[in-house]
Amino acid sequence: MPALHLSVRIDPNSGFCFGVIYAIQMAEDLLDEQGYLYCLGDIVHNDEEVQRLEARGLRIICHDRLAELRDEAVLIRAHGEPPATYQMALENNLTLIDASCPVVLKLQNRIKTSYDRKEKIFIYGKHGHAEVLGLLGQTSGDAVVFENLDELLSHELPDNITLYSQTTKSTNSFYNIKDQLETRGYQVNANDTICRQVSNRDKDLRRFAAQYDQIVFVSGTKSSNGKVLYQVCRETNPQTHFISNVAEIDSSWFQPGQSVGICGATSTPMWLMEQVRDRLLSL
């Protein structure tokens, strides 16, 4: 098959957000020091990066396994954890290395303050997501989590609503929910706690995706942020292909001489996008 001679560029704004960079750097430093490290849950929602770190000695554990551990160091990833995790660590003499993202910690504190004031708290987020479980924990599980307006409206709502959001949600969707509630006569105390490093990628990605014949979007399948940003790319450029690793690239997607943009989620490592670039250049 003749060479495709693709021109390929990686989006300079894609790749890890600062919270993930911080957690991975901390993990790598400790792995260098002690050869192994326990981490509560996947350190990042990207299987390729998790496998890379596991090969260096990272041991991913669940909460059940945490309850059995004694006298060990355990990394808390960027998503944060509920208060019960910290309590368990005290009881089991565990040293928690807290790599919770500062944006998430600030949000947890604000929700805790609202809860202490006995406000009715509603959180726009994904059910079961690690960050959301940490937020719910600040309210002893009393806050209501919802994924869209219809789900929110299916609840019996109080006249005064305190509205929060998972840090990686779309700002447009958050403000649309606030406006819809106010139109229906509710008093809304809206707390915009969305990470701008994540939400601004929406605009950056639209600009990037519009410049190329084809887009290859690289992300782990577990990444919520990856699903959202992939849709952003597809809306802008229908010739967008979702892959999790180099093996999923299909040469039949491309015509000779086409331009290809590579981008990814906040949990996509740069080394993986570079591997994808090198593969595309070899077609």
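The values are calculated or read from the model by the stated rules, or taken from the named source; none is laboratory data. Computed from a predicted structure; not experimentally measured. All Cβ positions, even for glycine, are placed from backbone atoms using ideal geometry, and neighbour counts span all protein chains on display. For the accessible areas, the whole protein counts, side chains as well, though only heavy atoms, and no ligand, DNA or RNA atoms are used. Shrake-Rupley method; radii C 1.70, N 1.55, O 1.52, S 1.80 Å.
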Surface share of carbon and sulfur [accessible, 1.4 angstrom probe, percent] for the chain = 47
Compute the whole-percent fraction of alpha carbon pairs in the chain spaced more than 34 Å apart.
-> 29
With every protein chain present, what accessible area does Lys112 have (1.4 Å probe, heavy atoms only), rounded to the nearest 10 Å²?
-> 80
In whole percent, what relative contact order does the range 1-122 give with Cα contacts below 8 Å and a gap of six or more residues?
-> 23
Given +1 on the Cβ of Lys and Arg, -1 on the Cβ of Asp and Glu, and no further charges, what dipole in debye does the range 119-206 carry about its Cα centre, rounded to the nearest 20?
-> 380
Looks like the range 6-131, by Cα gyration tensor root eigenvalues a ≥ b ≥ c and the a/c under 1.5 rounded cutoff (else prolate when a/b is bigger than b/c, oblate otherwise), is oblate
With r defined as the distance between the Cβ atoms of Ser7 and Ile60 and R0 fixed at 45 Å, what FRET efficiency is calculated, to the nearest 0.05?
-> 0.70
Any chance you could look up the accessible area of Tyr115 with a 1.4 Å probe, heavy atoms only, rounded to 10 Å²?
-> 70
For the range 1-146, with +1 on Lys and Arg beta carbons and -1 on Asp and Glu, the positive-most of Ala73, Val144, Leu58 along the dipole = Val144
Packing-ranked peptide list from 140-150, 264-274, highest mean Cβ count within 10 angstrom first, is 264-274, 140-150
Once you charge only the Cβ atoms, +1 for Lys and Arg and -1 for Asp and Glu, what is the size of the charge dipole of the range 145-195 about its Cα centre, to the nearest 20 debye?
-> 140
How high is the FRET efficiency from Asp32 to Lys222, r the C-beta distance, R0 30 Å, rounded to 0.05?
-> 0.65
Quick tally, 1.4 Å probe accessible area for Lys120, Lys178, sorted with the most first, runs Lys120, Lys178
Solvent-accessible ranking of Cys62, Cys233, largest area first, probe 1.4 Å | Cys62, Cys233
Unit charges on C-beta of K, R, D, E only; dipole of the chain, Debye | 700
Accessible area (Å², 1.4 Å probe, nearest 10) - Glu68 | 120
1.4 Å probe accessible area per residue over the chain, in Å² | 47
Label points 7 Å out from Cα along the Cβ direction at Glu72 and Ser282: separation in nm?
-> 3.7
Flagged links, alpha-carbon separation over 26 Å, of Lys169/Lys222; Lys126/Lys203; Lys120/Lys178; Lys118/Lys227 = Lys118/Lys227
